[in-house]
Amino acid sequence: MSNIVLVTGGARSGKSSFAESLCINQNNRTAYIATSVAFDDEMKDRVKKHQESRPQEWKTYEIYKDIYSIVETLDKNHGTVLLDCLTLMINNLMFTYGIDIETASTDEVNEIEEYIKNQIEKLLEKVKNTNLYFVIVTNELGMGIVPENKLSRIYRDFVGRANQQIAKTSDEVYLVVSGIPMKVK
């Protein structure tokens, strides 16, 4: 039976380090799902730092779309999976959908969100039918002021609702603040 764990927190809160420690405590057959796309030097540096912080024996899968399609392979080859992170996955899905969010109609925005919701739903459904210890890292974006621009508001809303969707299904949820994890569920 699977165990789904959601780890959330603000930027640089220590959520990835905490999630990694959860996985290390499980076993050393961990799969790391990297959802980022290193498109500039800053992102390349972030990716490098993440790579250096995790155990060498972990196998990395670079994927942000249709992650559910590799779950059976993960279940056969790994006992533990760390998906880092949901917020980058959503960002990438938003922009690969082919619609300019800034000028998109409400119907188009709803269509993109439904697509993202379905990606997450399919992933969770596949994971539930495994024996994986599956940790998902995400950012808590809704604790600040309402963003001024449309794109940022839509992104914040997408991430907030996705976090709720995953938290509802998760067996455990942690909020990390200043490097201190607090169990919420």
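Hey, among the residues in segment 30-67 that are over 30 Å from residue 117 (Cβ atoms) and assigned to a loop (DSSP other than H, G, I, E, B), which one's modelled with the highest pLDDT? By that ranking, first place goes to 57.
Out of all the residues in segment 104-121, is one or more under 21 Å from residue 174 (Cα atoms) and part of a helix (DSSP H, G or I)? Give the derivation first.
If we filter segment 104-121 for residues that are under 21 Å from residue 174 (Cα atoms), which is where we start, we get 120-121.
Next, only the ones that are part of a helix (DSSP H, G or I) stay: 120-121.
Among the residues of segment 104-121, at least one is under 21 Å from residue 174 (Cα atoms) and part of a helix (DSSP H, G or I), which makes the answer yes.
Kindly provide the set of residues from segment 68-90 that are assigned to a strand (DSSP E or B) and not hydrophobic (A, V, I, L, M, F, W, C), ordered by number. Working first, answer last.
First, pick out the residues of segment 68-90 that are assigned to a strand (DSSP E or B): 80-84.
Passing the criteria: 80, 84.
If you go through segment 94-127 and keep only what is of a type in the set (A, V, I, L, M, F, W, C) and within 15 Å of the chain's Cα centre (by Cα), you end up with 94, 116, 120, 123, 124, 127.
Looking at this structure, is residue 29 in contact with a helix residue (DSSP H, G or I) (Cβ under 8 Å, 6 or more places away or on another chain) and surrounded by fewer than 20 Cβ atoms within 10 Å (Cβ to Cβ)? When the stated conditions are applied, residue 29 passes them.
Please verify whether segment 13-26 includes one or more residues that are of a type in the set (Phe, Trp, Tyr) and under 13 Å from the mean Cα position of the chain (by Cα). Checked against the condition, which is being of a type in the set (Phe, Trp, Tyr) and under 13 Å from the mean Cα position of the chain (by Cα), segment 13-26 yields no hits at all.
Listed by first and then second residue, the pairs linking a residue in segment 58-77 that is closer than 13 Å to residue 133 by Cα to a residue that is assigned to a loop (DSSP other than H, G, I, E, B) and modelled with pLDDT of 95 or more, with Cβ atoms under 6 Å apart and 6 or more places separating them unless they lie on different chains, are 75/130; 75/132. When the residues of segment 135-163 are filtered to those that are of a type in the set (S, T, N, Q) and part of a helix (DSSP H, G or I), the one that is modelled with the highest pLDDT is 163.
From the residues in segment 94-149 that are of a type outside the set (A, V, I, L, M, F, W, C) and in contact (Cβ under 8 Å) with a residue 60 or more places away in the chain, which one is surrounded by the most Cβ atoms within 10 Å (Cβ to Cβ)?
As a first pass, look at segment 94-149 and keep what is of a type outside the set (A, V, I, L, M, F, W, C): 96-98, 100, 102-103, 105-108, 110-111, 113-115, 117-119, 121-122, 125-126, 128-131, 133, 138-140, 142, 144, 147-149.
From the residues that got through so far, the ones that are in contact (Cβ under 8 Å) with a residue 60 or more places away in the chain too are 128-131, 133, 138-140.
Values: 128: 14, 129: 12, 130: 19, 131: 9, 133: 22, 138: 25, 139: 19, 140: 19.
Result: 138.
When you check residue 166 against the structure, is it closer than 24 Å to residue 14 by Cα, at pLDDT 95 or above and part of a helix (DSSP H, G or I), yes or no? So residue 166 passes the test. Within segment 1-29, the residues that satisfy the criterion of being closer than 22 Å to residue 162 by Cβ, of a type in the set (A, V, I, L, M) and assigned to a helix (DSSP H, G or I) are 19, 22.
The values are calculated or read from the model by the stated rules, or taken from the named source; none is laboratory data. Worth saying up front: this structure is predicted, and the values here are computed from it rather than measured. Don't worry about glycine lacking a Cβ; one is built from the backbone with ideal geometry, like all the others, and counts go over all protein chains shown.
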